[in-house]
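Participant: Just passing along the structure, written as C-alpha cells.
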Amino acid sequence: MNDSVLILLSFITISNAFNASQDVYYELYTNDQPLTHFHNLLTINNDNNRSEPIAQSPFNCNRPTRIYVHGYRSKRKNFVKYAEAYRSKGDFNFIAVNWLAGSQTLNYYKARNRVKIIGEELALLIENLVRYNQLNLSDVILIGHSLGSHIVGIAAKRIQSGRIPIIVGLDPAYPLFSKSKHDERLSYTDADYVQVIHTSIGQLSIPYPIGHADFYPNYGRDQPGCSKKSFQGPVNVLEMPDIQFASDFITTGFCSHSRAHYLFVESLTHNCFLATKCGSYNEIEHKNCTSSGPNVFMGGEVDQLLTATEGIYYLRTNSEEPYGMNCSVANHSNDNDELRN
C-alpha cells in the first residue's frame, strides 16, 4: 500500500471520528489579549451541552459580537485575519467557530453532511451566551464562508431566544445544496438582513441570489489575479471528466472562492467596494449590468451593511490588494451622514 493511500485512509478515519459536540471549538478573541491568544468558550471536556459553559470567559456583553464560521478545508490563519480586522474597527467579541477537525477530510460529502449538526451546536452556544452572559442578539453579526455560510444559516434558524439581525454569506457552497431546500442552506429568511458575496458562481458557490442583497464582484466569477481559465455553467465537482480538468478547475475555482475572504476583510478596514445595482440576476449571467438604483458599498461593518437595499449588485475589483477600486468615493463619504446605522 503506497503512502498516498495511507494518507487518504488516515483522513477517512479521522473524519469518521468527528463529534460536533466535542470537536467544534469557539475561539474568543478580544482586545484584552494579543492576537496570538484566544479563549476557548467551552472549557470542561469542550461540552456545549453542559449547563453553564462560558460563565468564566472574558466575553463582555457590552461589546458587539461577531461570529465567523470557516468552510471546507480552510486554514487557521483566516481566524487571525478576521480578528485583526475587527480589532482595527473597535472593541468586539470576535468568535471563530473552529470545526477544522470536521472540515479537513478529503471527502467533501462527509463535510457537507456535518453542516446541520454544527449549525445546531452553534445555535446552542449562542443560546447559552444569551442565558448566562447576557448577550444581546441585536449586537450580533454572523459571517460564514463556503460551507460556513450554510452553518450560520442553520444556526440562525434554530435560535429560539430572538432573531439574528445580520448575516454575511461569503461565496456559499454550491455542491450538494438545493435551490428549493431552504431549510438546509443559507436563505434570506434566516435574519433581518442577509448579504451574500458571490465570487465563484457555477464553480464552487451558489450562483443564484439567496440574500436580501447579493453582490457579484466581477460578475461573480474568474476573479482578477486568478487563472484565466473559465468554466461555464454549473459544475459538479464530484463528476470531473478527468484529472487534468479537475486540477485546473480546483486551481481556478478555489482562488476565486477564497477571494471572498479577502474582499470582506478589506471592506472592514477600508471599504472601497462601491457597487452598482443591476436590474436582475439575468444581467449578471449575461455580464451586462445596467444601473437600476442607488450605488452602495459592499460588506463593511454594521453601518455600511445596512445601507444596501434589496437587490442584485455588480462591482469591479483589482487583481491584488487593495482590491477596492473606489477609494476616492469612500474617502469623501461621511459615514454619519450618508450611512444608516
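Values quoted throughout were computed directly from the atomic coordinates according to the rules given, and no laboratory measurement underlies them. Treat the numbers as computed from the prediction; the structure is a model and nothing was measured. Don't worry about glycine lacking a Cβ; one is built from the backbone with ideal geometry, like all the others, and counts go over all protein chains shown.
Participant: Against the globular-protein guess of 2.2 N^0.38 Å, express the Cα radius of gyration of segment 267-328 as a ratio, rounded to two decimals.
Facilitator: Working it through for segment 267-328, the quotient is 1.12.
Participant: Say the cut-off is 21 Å between C-alpha atoms; which of LYS157/LYS181; LYS116/LYS181; LYS81/LYS116; LYS116/LYS157 go over it?
Facilitator: Numbers: LYS157/LYS181 13 Å; LYS116/LYS181 13 Å; LYS81/LYS116 26 Å; LYS116/LYS157 11 Å.
Correct reply: LYS81/LYS116.
Participant: Can you list residues whose amide H is under 5 Å from ARG63's amide H, if they're 5+ apart or on another chain and H is modeled 1.01 Å from N?
Facilitator: none
Participant: Taking H as built 1.01 Å from N, whose amide H comes closer than 5 Å to the amide H of SER205, not counting residues under 5 places away?
Facilitator: Amide H neighbours of SER205, under 5 Å, 5+ apart: TYR174, SER200.
Participant: What FRET efficiency do you get for THR309 and ASP32 if R0 is 30 Å and r is their Cβ-Cβ distance, rounded to the nearest 0.05?
Facilitator: 0.20
Participant: In whole Hz and in residue order, list the ³J(HN,Hα) couplings for segment 212-223 that follow from phi through the Karplus curve 6.51 cos²θ - 1.76 cosθ + 1.60, θ = phi - 60°; x for Gly and Pro.
Facilitator: Ordered by residue, 3J(HN,Hα) equals 6, 10, 10, 9, 10, x, 6, 6, x, 8, 6, 4 Hz.
Participant: Right, something else. Could you tell me how far the Cα centroid of segment 108-160 sits from the Cα centroid of segment 268-308, in Å?
Facilitator: 26
Participant: What is the gain in length, in nm to one decimal, between LYS77 and GLU285 on full extension, counting 0.36 nm per residue of separation less the C-alpha to C-alpha distance?
Facilitator: Result: 71.5 nm gained on full extension.
Participant: Quick one: which residues, 5+ away or cross-chain, put their amide H under 5 Å from the amide H of GLN104? H built at 1.01 Å from N.
Facilitator: ARG73
Participant: Further, regarding this structure: Quick check: net charge around HIS182, other residues with Cβ under 12 Å of its Cβ, Lys/Arg +1 and Asp/Glu -1?
Facilitator: Summing Lys/Arg as +1 and Asp/Glu as -1 gives +1.
Participant: Something else: Please report TYR132, TYR72, TYR216 as a ranked list, fewest other C-beta atoms within 10 angstrom at the top and most at the bottom.
Facilitator: Least crowded to most crowded, the residues run TYR132, TYR72, TYR216.
Participant: A further question follows. Counting Lys and Arg as +1 and Asp and Glu as -1, what is the net charge of the other residues whose Cβ lies under 14 Å from the Cβ of THR317?
Facilitator: Value of the local net charge: -2.
Participant: Using a Förster radius of 45 Å, what is the FRET efficiency between SER138 and SER292 based on their Cβ-Cβ separation? Nearest 0.05, please. Display every interim value, and only then the final one.
Facilitator: Values: r = 31 Å, r/R0 = 0.69.
For SER138 and SER292, the calculated efficiency is 0.90.
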